[in-house]
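Visitor: First the structure, then my questions, so here it is.
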Amino acid sequence: MTPSRAAFAAILAKDLRSELRTLQSLPAMALFSVTTFVIFRFGLDRTSLSGSLAAGVLWATLLFAAVLGINRLFVAEREEGGFDAIRLAPIDRSVLFGAKVAALLVYLLALELVAVPIFAIFFLDDAAGLGPLVAVLLLADLGLAATGTLISSMAVNSRARDLLVPLVLLPLIVPLMIAATGATEPLLALGGPSYHRFGTWLMVLGLYDLIFGLVGYAVFDFLLED
Amino acid sequence: MYGKGLKPLSIATVAMLAVSLSLVFFYAPLDADQGFIQKIFYVHVPLAIVALVGFIIGGIFAIAHLRTNNRKWDAYSYVSIHISVIFGVAVLITGAIWAKASWGHWWVWDEPTLVSFLIVFLLYATYYPFRYAIEDRDRQARYASVFAVTAGAFVPLNFMAVRMAQSLVHPRTFATAEGGMPGEMMLAFLCMLVAIGLLCTTLVKFELTAKSASGQVKRLRRALDAPVAGGSSRIAPEVS
């Protein structure tokens, strides 16, 4: 194993282990998403959803639940001196970016493992669209993880961390949300899934992932300098 | 040192604005469909173009700052984004007025350029709270540059995504105007574009000059060992 890959695996394993032991983010994210579904049920006064409403409720909920995890992503690094340790270690700093993106990706997938089935049970009459939805979820999670990691690492060193993450992240995520809801809407349409512009939206999601993955990789070094 | 050339530049800006505005009002013909209100096009569209270019240039300055670690580039980046955000407010207001006059609503969601601009504006509006929240000056400059680079990459992507979200393309005045715009209109439009671009450059230069002057005053005061009265605002980067 190259040193970078060993460091990547070590940081990722450290993150996942500490999350498993402390359970700081994941239960909160899952609980938040379920509560939000209940709020949407009364806010919209609908017991079943389809099409654009279903896509909007699902993605708005997942996004806000993700913000909770993104907020906490670097807190341990800052408070327990993880940043200093990374700076001291003879490894490429981008490794930390990669590992954090991977950790956040795991959190998001775990969140969706809980939230999406519950969403289907609560609101969907027809769960046939959930199969292809996995592709949308994966690509959107990748972009959300890249942007979220970048913003989280910037916000954690500021005075207003909890405020800045949603404030800066939400406008940045708009194109991702446009593509994700655009792809999800026909999948959850009334009367069975259809694939209207599905490939196009997946390509937009892929492009978003690529651009923000590269930007994050390129600028992350500067966020760790001191 | 930033004040050099400021006077001729200001005079040129005022002259160009005066010439362009008189071209807009007395030379360019009235639009057949929209009448007089279409004149707002000559302000709205150049402002939007200049603001977007300013955002991108802010990102390029930010790259220069990250590469050279010279604080001058951070100040350039900050001032470009600052002036562009102010122009952005004007774009949204003139856009709303134009939408009200030609479509009957203050805001239309099926005009992708306007919606994209709003999203870009919302993102850049968070530049200030973001800068405010970081105390250490070096770190503030570096993080602000990272923000400017990220947001610069975001601008084209966002325009593409919003354009694609349009299920049916609204007949767009600018597209039709650009295609079949009579020569007189085109001339007035291009003159306005140059004038607004000059205005932006002048304002950027003014702000940099003011910052450099107040930085010098501060340093002189410090050299005289006198306490600084008032002081400059926290977010504003200093120029040496």
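Visitor: What does the helix-only formula give at 222 nm for chain A: each DSSP H stretch with n ≥ 4 adding -39500 (n - 2.57), the total divided by the residues, and the result rounded to the nearest 500 deg cm²/dmol?
Guide: Working: 9 runs with 183 residues, N = 226.
Only helices count here, giving -28000 deg cm²/dmol.
Visitor: Within 10 Å of each Cβ in peptide A:195-206, how many partner chain Cβ atoms are there on average? Round it to a whole number, please.
Guide: Working: counts 0, 1, 2, 0, 0, 1, 3, 0, 1, 5, 1, 0.
For peptide A:195-206, the averaged partner shielding equals 1.
Visitor: Go through A:78-90, B:94-106 and give me the packing order, highest mean Cβ count within 10 Å leading.
Guide: Numbers: A:78-90: 13.0, B:94-106: 15.2.
My ranking of the peptides, most packed first, is B:94-106, A:78-90.
Visitor: Would you mind checking the pairs B:7/B:211; B:4/B:72; B:7/B:218; B:4/B:218; B:4/B:39 and listing those with alpha carbons more than 26 angstrom apart? Don't jump to the answer; show the numbers that get you there.
Guide: On the way: B:7/B:211 17 Å; B:4/B:72 16 Å; B:7/B:218 24 Å; B:4/B:218 20 Å; B:4/B:39 35 Å.
Among B:7/B:211; B:4/B:72; B:7/B:218; B:4/B:218; B:4/B:39, the Cα-Cα distance tops 26 Å for B:4/B:39.
Visitor: Most exposed first by the Cβ proxy, i.e. fewest other Cβ within 10 Å, how do A:14, B:7 rank?
Guide: Values: A:14 14, B:7 9.
Ranking A:14, B:7 by Cβ neighbours within 10 Å, fewest first, gives B:7, A:14.
Visitor: Using a 10 Å cut-off on Cβ atoms, rank the peptides A:92-100, B:12-20 from the highest mean neighbour count down.
Guide: Working: A:92-100: 21.1, B:12-20: 16.4.
Highest-to-lowest ranking by the protection proxy: A:92-100, B:12-20.
Visitor: Hey, what's the Kirkwood Rh for region B:6-223 if you take every pair of different alpha carbons, in angstrom? Show your work: numbers first, answer last.
Guide: Working: mean 1/r = 0.0528 Å⁻¹.
One decimal place: 18.9 Å for the Kirkwood radius.
Visitor: If you don't mind, there's one more thing I want to ask. Please turn the phi angles of region B:33-49 into ³J(HN,Hα) values with the Karplus equation 6.51 cos²θ - 1.76 cosθ + 1.60 (θ = phi - 60°), one per residue in order, whole Hz, x for glycine and proline.
Guide: The phi angles translate into 7, 9, x, 5, 4, 4, 4, 5, 3, 6, 9, 4, 5, x, 4, 5, 4 Hz.
Visitor: Same structure, new question: Over all distinct alpha-carbon pairs, what is the Kirkwood Rh of region A:182-226 in angstrom?
Guide: Values: mean 1/r = 0.0785 Å⁻¹.
Hydrodynamic radius (Kirkwood, Cα pairs) of region A:182-226 is 12.7 Å.
Visitor: Using Cβ counts within 10 Å as a stand-in for footprinting exposure, how do A:19, A:225, A:185 rank, fewest first?
Guide: Working: A:19 19, A:225 12, A:185 22.
Ranked by crowding around the Cβ, least crowded first: A:225, A:19, A:185.
Visitor: When the helix-only estimate is applied to chain B (DSSP H runs of n ≥ 4, each -39,500 (n - 2.57), divided by the residue count), what is the mean residue ellipticity at 222 nm, nearest 500 deg cm²/dmol? If you can, show how the numbers build up before the last one.
Guide: On the way: 8 runs with 175 residues, N = 240.
Taken over chain B, the calculation gives -25500 deg cm²/dmol.
Visitor: Apply the Karplus parameterisation 6.51 cos²θ - 1.76 cosθ + 1.60, with θ equal to phi minus 60°, to every residue of region B:208-223 and state each ³J(HN,Hα) to the nearest whole Hz, in sequence, with x for glycine and proline.
Guide: With coefficients 6.51, -1.76 and 1.60, one gets 5, 4, 4, 5, 5, 5, 5, x, 5, 4, 4, 5, 5, 4, 5, 5 Hz.
Visitor: Peptide B:58-68: average number of partner chain Cβ atoms within 10 Å per residue? Intermediate values should be presented prior to the final figure.
Guide: Details: counts 0, 0, 0, 0, 1, 2, 0, 1, 5, 1, 0.
Average neighbour count from other chains, rounded to a whole number: 1.
Visitor: Volume per residue, Å³, of the convex hull around the alpha-carbon atoms of the protein assembly as shown?
Guide: 179 Å³
Visitor: Could you run the Karplus curve 6.51 cos²θ - 1.76 cosθ + 1.60 with θ = phi - 60° over region B:115-132 and give me ³J(HN,Hα) per residue in whole Hz, x for Gly and Pro?
Guide: Taking θ as phi minus 60°, the curve returns 5, 4, 4, 4, 5, 4, 4, 4, 5, 5, 5, 7, 4, 6, x, 5, 5, 3 Hz for region B:115-132.
Visitor: When all C-alpha to C-alpha distances in region B:1-101 are sorted into bins of 10 Å, what percent of pairs does each bin hold, rounded to whole numbers?
Guide: 14, 30, 33, 16, 6, 0
Visitor: For chain A, what does the equivalent ellipsoid look like in terms of its semi-axes, each the square root of 5 times an eigenvalue of the Cα gyration tensor, given largest first in whole Å?
Guide: Values: eigenvalues 211, 67, 46 Å².
They are 33, 18, 15 Å, listed largest first.
Visitor: Kindly state, to the nearest 0.05, the FRET efficiency for residue A:195 paired with residue B:213, given R0 = 60 Å and r defined as their beta-carbon distance. Mind dumping the intermediate values first?
Guide: Working: r = 61 Å, r/R0 = 1.02.
Efficiency for this residue pair is about 0.45.
Visitor: While we're looking at this one, here's another question. Once Rh is set to the Kirkwood radius over Cα pairs, what Stokes-Einstein translational diffusion coefficient, in µm²/s, holds for region A:1-63 at a temperature of 4 °C and a viscosity of 1.567 mPa s? Intermediate results must be reported in sequence, preceding the final value.
Guide: Values: Rh = 14.4 Å.
It diffuses with D of about 90 µm²/s by this estimate.
Visitor: Would you please put A:59-70, B:74-85, B:186-197 in order of how densely packed they are, using the mean number of other Cβ atoms within 10 angstrom per residue and starting with the highest? Could the numbers behind the result be given before it?
Guide: Values: A:59-70: 22.0, B:74-85: 24.5, B:186-197: 20.0.
Ranking, from highest mean packing down: B:74-85, A:59-70, B:186-197.
Visitor: For an R0 of 51 angstrom, estimate the FRET efficiency from the Cβ-Cβ distance between residue B:97 and residue B:67 and round to the nearest 0.05. All intermediate terms of the calculation are to be shown ahead of the outcome.
Guide: Working: r = 42 Å, r/R0 = 0.81.
The formula returns an efficiency of 0.75 here.
Visitor: Shifting gears a bit: What average number of partner chain Cβ atoms lie no more than 10 Å from the Cβ of the residues making up A:216-224? Kindly include the intermediate steps, with their values, before the conclusion.
Guide: On the way: counts 2, 0, 6, 11, 1, 2, 10, 4, 0.
Taking the mean over all residues of the peptide, I get 4.
Visitor: So between residue A:60 and residue A:78, what do we pick up on full extension, going 0.36 nm a residue minus the alpha carbon distance?
Guide: Details: separation 18, 0.36 × 18 = 6.48 nm, distance 2.88 nm.
Contour length minus Cα-Cα distance gives 3.6 nm.
Read the figures in this text as sums done on the coordinates, not as results from a lab. Computed from a prediction, not measured in an experiment: that's the story for all the values here. Ideal geometry is used to build each Cβ from the backbone, glycine not excepted, and the neighbour counts take in all protein chains shown.
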